[in-house]
Structures are given as C-alpha cells and as structure tokens.
Amino acid sequence: MSAIASLFRNDYDADGFRTCSVTGLDIHQSVENYVKLFGLTAVIALAVGGSFAFSVAMTRWEFIGLLDPSSYYTHLSMHAWNLLIFWMVFMEIAVLYVGGPMVLGRELPLRRLAALGWVTMVVGAIGVNASIWLAEAPNEAPLLTAYVPLPVTPWFYATAIVFLLGATIAALPFFATIWTETRDSHRTLPLVAFGAFVTGIIAVEAILGGIAAFAYALAWRIDLIASVDPGIYRQLYWIVGHGTQQINLLAMITVWYFLTHVVGGAVVISEKVSRTAFILYLFFINLGAAHHLLVDPGVSAGWRIWNTSYAFYGAAFASMIHAFAIPAGIEAGRRRRGQGGGLFGWLTSAPWRNPVFASTVFSIILFGFLGGITGVVMGQIQVNMTWHNTLATVGHFHATVALGTTLAFFGLVLFVIKTMFRRDFVSDALASAIPYAYGAAMSVATLMLMYAGILYGVPRRTAEAVRNIPGSEFSFSAAIPIFMIFGIFALLAILSGVLFVGVSVGSLLFGGRLAEGDDGGMLPEGGLHADGGEPIHAVELRGTFALCLIFLGVFAAVYVLNWYLLTQLWAIGA
Amino acid sequence: MSNPLDDPDDDWWNSPVHRRESIWLGLAGAWSLGIFTWMAGFTQFGDQNPVGTTYEVDPDQYQERVGEYKEAAEETDDGLIPPEDDVYVGAMRFNWDGLPAVLEAGREYDIHLGAYDVQHGFSVRPEENLNKQINLQVFPGSEWVIPMTFDEPGTYHVVCNEFCGQGHRTMHGRFTVVEG
C-alpha cells in the first residue's frame, strides 16, 4: 500500500501547486492525482485486453489453433472490450484532465464527481468483463457489438450502461473547468484545451447513443418490450461503436499537438487552420457511424453516401489538415532553432531516442498511412462490399487504434511516468525500444490482416476458416502463407506490448526518483521556448510538404487499386 | 506562430497562413470533393453498387416464401434451379436455406436476402479467385432484393461473416454458375 501511496506523492507548495520542470505548467495536486489514477487504471485494462490478444491471435493463426470455438468468441469479446473501450476511455478521461485543468493551471473542480465517475467506470468495466466471462447458453458472447437479436445476457447491456454513465460523470469536472474559464471572459483557449473540449463534446454524443442502444436491447432482454429491430439497434449502436473511435481520434490528435510540442519543440503554424479542423470534426465526424451500415438493407443510397462521406468528406479534410499542421509544427519549430537543414534534416536530427517523441511520430505516420487511408477507401459504399466483415476491416481498425491511438497513448504514459510520477525509466534502452518494436511488429501484423481480407476475402469473427470449414470442402487455404507471417508478427507485437507494460510498471516501482527541476531528458534540445524570432513566412516547410505529397500519392494508389479490384467483380445492384 | 499550451495572440484569426499550407488545403479539398463525386457518380454509371429494394417482412413469413420458392424450383444434384429470375436465400443458424443453387452466367437474377433468426453476413466468391468477393449484411425482418449477374461460370462459395452463434463457422453454401 505504501508503494502505491508513494506514487501519488510530489512536492507541492502551500496551495497544492507545483511547476512542471518540462512543460512549465502550474500543476495542482488534485489534477495530477486523478490523471495518475485514470492512467494507471487504463494500463491495467491494457494488460488484461492484451493477454487476450495472445489467445485470439493464436487461434486465428490456425497453424497453432489455440482455442476451441466455444472459448474463442468469449476471448475475442474480452479482447475487444478491454482494449477498444476500457484502455481507451480511461486514458481519454486522463487526457481531458490534462487538456483542461492541467493546461489551464487550475485545480480539479468537483473532485467527488471525478471519484464517483472513476468508481462507476470501474464497476461497469468489471461488470462487463464478468458478464462476458460467465455467460452461459443460450446466451452468446457479445463480441464488441452485441447485435440483437442474438441472445446476450442482460447483465452485459446493464453493466455497459453503468460504464458509460461513469465516463459521463468523470467528464463533468472537465466541462466545469472549461465553463468557469470562459464564462466571464472572451479568452481563446490554448489549442490543446480546445482540442480536448471538442473531444469531450464528441464523447458525450457517443455516450448518449450508447446508452440509447444498450437500454433498447436491455428492455428487450428483460421483456419490457416484445420485439427488437436489428436495423434500429445497429443505427443506435454505431453512434457509440464508431463514436468511441472518434473520441480516440480526437484525443490522439490533441495528444499529438501536446507531445510534439513538449518533447519535439513543435509550434502551431496556424491557430486558425488547426482550430477550423477541430470544428469540422465537431460537425461532421460522427456521421462516420454510417460506415458500418453501408451494406445494410433498408438504408437509402443517398443517406449512405452523405453520411459515409461526412458530408463531402468534411472530416477527412480535417484529418488531412492535421496531417500537414502537426509535422509542419515540428519542422517550423526545429528550423527556427537551426536544427537540421536540407529537406528532412529537421526530422532526422530529432530526438529519436526519446520514446515519447518516437511513439508520437510513429503514431502520426502509421495512423495516416495505414489507418486513415484505408478508412476512407473502405468507407466508400461500393468498395465497402469488398471490405465489410473481412479481416481487412480488422486490419483497418488495428491500424487506427492499435497503432495510432495506442502508440500515442504509450508515449503519453511514458511522459506521465517522467513528469508526474517523477520516475526514471528502469532501462533507457528498453524504453527507447518500445515504439520501434511495437510499431514495426504491429504494422506487419496489421498489413497481413488487410491482405488476408482484401486479397483472399478471409472472414472476421470466426474461429477457423483458413485451413478448414467444418462440413465443407472449401476453405481459404490459399491465405495460409499470409497467416504464417501474421502469427509471428502478432506474437512480436504482443511481446512489445509486454515490454511496454513491464517498463512502465517497473519504472513506477523501481525507477529512481527524479530530482526537482530535472527534466528527465524530455525537453527538446534548446528548451521548450527557444525562439529564433522568425515569423512563419520566413520558415521553410518544404519537408512536410514533400511528406504530404507522398501521403497523397499513396492514398491515390490505394484508392485506385481498391476500385480496380471492385470493378473486376460481377455486376451487382440496381 | 504560437504554442499549443498558451492562449494565442489576440489577432490569431488574422495571422496569415503559410503558402505551403494553403496549397495543401487546396490539394486536400480537391481530393475530398473528387472522391465524393466519384462515389456518388458510380451509383449512376457503375456496375457494382450495394443498392437494392428492401421490404419489411416477418421472419416466419420470409421462411414460408423461401419454402414456396424451393417447391417451385427444379432440384438437381448441384442444387436448385430457380423457376424464374428470382433467387431466394434464407440465412439461419447455421445454414443457407435455398442454397446450393444453379444459375446461368450472364443472366440477371434478383437475389432475395433475409434471415430467420439473427443477423448474418452473406459473403460470396468464386472458388478459383478469392480476391473477387462481395459481402452484404442480412437481418431478420428485412427482405433485401439485389440484382446480380454472374459473368463467369464456376463454383461460387458463400460463407457467413457475421457472428451468429457457436456453429457460425460451419455455415457454408454454394452457387454453381453454368454457361447460359
């Protein structure tokens, strides 16, 4: 207990504040402790969900074929809920507290609600885990979606609602902070606080949809209503199912702006453009819930086209804005300090040994190239016919969440260990290796999932299909070589995840305590606010522009390839 | 230029945007509108669109309809030959009712998709070319009528790719497409 209590100890002044030696922010004890609490809980969810990654991947790699179908779907449900929901949402509450009261230098208001929110979320998360693990026939494993009318235990829907209510309660202190800061003044919030605010609004929208979906299904399961409409449930469910992934996206982008600044010396090249991109998200990104309904009966083509494109690709345009603005912020910040000449000198001379920096930059690159491009391509209603419910879809969301958001959050956790827990890493070499090992292994595993899905049509959500479909001569055995590569790299990715948890927990327990004023090697060369004094026009952004052109070229190539494959098919549709 | 942890200057809205960022905004905007136009246009001129007509139908009624269709169809060793241009497929745990079926290449059929119990995934591909595949969601309560014209003879395999229960992976069906 004393070891845990010591994690929440720092030297504060009489008012409970201290000044961060890296960011220079005035941090109140109350904010810091709740960020630590939500962050640690998230890492526990990561460890639980990550262990199920092992059994799930080793079953889909039919060369090993670890689990029987009777256990596989239970393990898959545990993997999905703990990683896609609990690891992410606990981290996101921490991100809100950083982006709100911490960046603004305030105490955490309504602390009892923060505590109540945490307790409710933990009760909900344990309840969801228990309801999945203890489900008995005729109830089936819910997977992530719990699609009605497949029978799923009512306890699952009830505890999922409890978790969502908890997340709403936990977000209230953040909204109270923003309210107090802006009520009486015309101040413009810092960009990170603004990004966190938009994230919070998107989160509330998602949560309301989730409560509606699960309450509807629960009412049917406990016989309050006689029948349930699968189409209506799907529409409600995907408000939260996709909405939570939009929270991940916005929280991740907010973290990108934050971390590239504090460890990479990035600046904001245009407040106007970056904020406009967040506003575009606010209006349009939740339309993306329709991505899951593109090959459903009963929804018109016009409805699908409007929504899947976020209204003329308003939100995809916003992401492309951040794709330029964030690397350009690094380029401008570093060029102004005279760090790196030529086209890419600013990038090659960056602090690549700092795992926080490397995690963040890999997150940006891999999210964009693997997750973002595939998301837009598979979100075109026609192309979706070739992606829907294949392993390619699973590849897509591992690129966005398991590579993009998870790497950004790895960086954030490592940053918090240094700056809030004030601990040195148990091993700098191992800590530095995390983003490289995890990024590389997970990228290959993700690409193999995409290939298996798009080139071989291997279905998702099945315990076996590649080597054997029981009762049939047919199988997807042509994809066996793809799965040999997938299995090995999935194992390596899981080991890299173990490395992350090991270094994090090890540093918290055994890492040396950093002296006051020690930046722990986090600060960029030349300090945080080194200023060459040049206005933005005088700074070259050639490197970022070249990178973005490469990105657009890859985007166009993937787009054309997918459309080519589609047009080779037999004729379908009116 | 500002940093993301401080309030920006008062005139932040009027600060000029870097030339290269402006160019990028133009490229990204044009690309966004371009792919929107292509997707919307393809519903008019393209041959592959997940577009059909949906009817609300009670799952039991749909099962009856598939039963009537099976009565009317001609039974062969390779499966049912549909009496007309309508082909009925009923998804159920863990079977594709109405399959296997024998169809003619080059002939347009109206494929009727519906389910008797829970949600299923209708996933079909020719045996010799796995990267040609189409996936559609199937519900109880909806009858989705989608035209399809198989252009090449061969065996087309149908699997379920929406989780429908423990026996889900065994759900397999077949179209045999013969020269028309």
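Since every read-out is calculated from the coordinates, none of them should be taken as a lab result. All of these numbers come straight from a predicted model, not from anything done at the bench. Backbone-built Cβ (ideal geometry, glycine too); neighbour counts: all protein chains shown.
List of remarks:
- Placing dummy labels 7 Å off each Cα toward the beta-carbon, the span from residue A:556 to residue A:184 is 5.6 nm.
- Expressed as a whole percent, the proportion of Cα-Cα pairs in the range A:22-241 lying more than 21 Å apart is 58%.
- Average projected area [Cα convex hull, chain B], square nanometres: 17.0 nm²
- Divide the volume of the convex hull around the Cα atoms of chain A by the residue count and you get 164 Å³ per residue.
- Paramagnetic reach from residue A:499 in the range A:402-422 [backbone N under 20 Å; point 7 Å along Cα→Cβ]: A:402-418
- Length gained on full extension, residue B:22 to residue B:47: 5.3 nm, using 0.36 nm per residue less the C-alpha separation.
- Within the range B:72-175: Cβ-based charge dipole about Cα centre, in debye rounded to nearest 20 (Lys, Arg +1; Asp, Glu -1): 620 debye
- In plain terms, chain A is cut at each of the GluC sites (Glu not before Pro) found in a DSSP loop with at most 10 other Cβ atoms within 10 Å, and the longest leftover piece is A:137-472.
- Estimated D of the range A:183-223 in µm² per second, where Rh is the Kirkwood radius over Cα pairs and Stokes-Einstein applies at 25 °C, 0.890 mPa s: 193 µm²/s
- Counting only DSSP beta bridges with both residues in chain B, the antiparallel share comes to about 75 percent.
- Table column - 3J(HN,Hα) (Hz), the range B:51-56, Karplus curve with 6.51, -1.76, 1.60, x for Gly and Pro: 10, x, 10, 10, 10, 6
- Contact order relative to length of the range A:319-574, as percent, for alpha carbon pairs under 8 angstrom and 6 or more apart: 28 percent
- Taking amide H atoms as placed 1.01 Å from N in the peptide plane, the amide H of residue B:104 lies under 5 Å from those of B:178, each 5 or more residues away in sequence or on another chain.
- Label sites at residue A:5 and residue A:133, each approximated as a point 7 angstrom past Cα along Cα to Cβ, lie 2.9 nm apart.
- If the segment from residue A:224 to residue A:111 were pulled out straight at 0.36 nm per residue, it would be longer than the present Cα-Cα gap by 37.0 nm.
- HN-Hα J in Hz across the range B:88-99 - Karplus 6.51, -1.76, 1.60, θ = phi - 60°, x for Gly and Pro: 9, 10, x, 8, 8, 5, 10, 7, 9, 5, x, 9
- Long hydrophobic helices in chain A, taken as whole DSSP H segments with a C-alpha length of 24 Å or more on their own axis and mean Kyte-Doolittle hydropathy at least 1.0: A:111-133, A:154-183, A:191-221, A:428-456, A:480-510, A:542-567.
- Size descriptor for the range A:319-574, Kirkwood hydrodynamic radius: 20.5 Å (Cα pairs only, one decimal).
- Applying 1/(1 + (r/R0)^6) with R0 = 51 Å to the Cβ-Cβ distance of residue A:272 and residue A:428 gives a FRET efficiency near 0.80.
- Once Rg and the Kirkwood radius are both taken over the C-alpha atoms of the range A:21-110, their ratio Rg/Rh works out to 1.23.
- A cut-off of 5 Å between modelled amide H atoms, ignoring neighbours fewer than 5 places along the same chain, links residue B:2 with A:268.
- Whole-Hz Karplus values for the range B:37-47 come out as 4, 4, 4, 5, x, 4, 5, 8, 10, x, 9 Hz, taken residue by residue from phi with 6.51 cos²θ - 1.76 cosθ + 1.60 and θ = phi - 60°; glycine and proline positions read x.
- Neighbour counts of other Cβ atoms within 10 Å put A:23, A:360, A:405 in the fewest-to-most order A:23, A:405, A:360.
- Rounded, prolate or oblate (a/c below 1.5 giving rounded, otherwise prolate when a/b exceeds b/c) for the range A:256-314 by Cα gyration tensor: prolate
- Relative packing of peptides A:264-270, A:158-164 - highest average C-beta neighbours within 10 Å first: A:264-270, A:158-164
- Distance between the 7 Å Cα→Cβ label points at residue A:279 and residue A:513: 4.8 nm.
- DSSP beta bridge pairing in the protein assembly as shown, given as percent antiparallel to the nearest 5: 75 percent
- Exposed loop sites here mean GluC sites (Glu not before Pro) with a DSSP loop assignment and at most 14 other beta-carbon atoms within 10 Å; chain B contains its longest site-free run at B:1-83.
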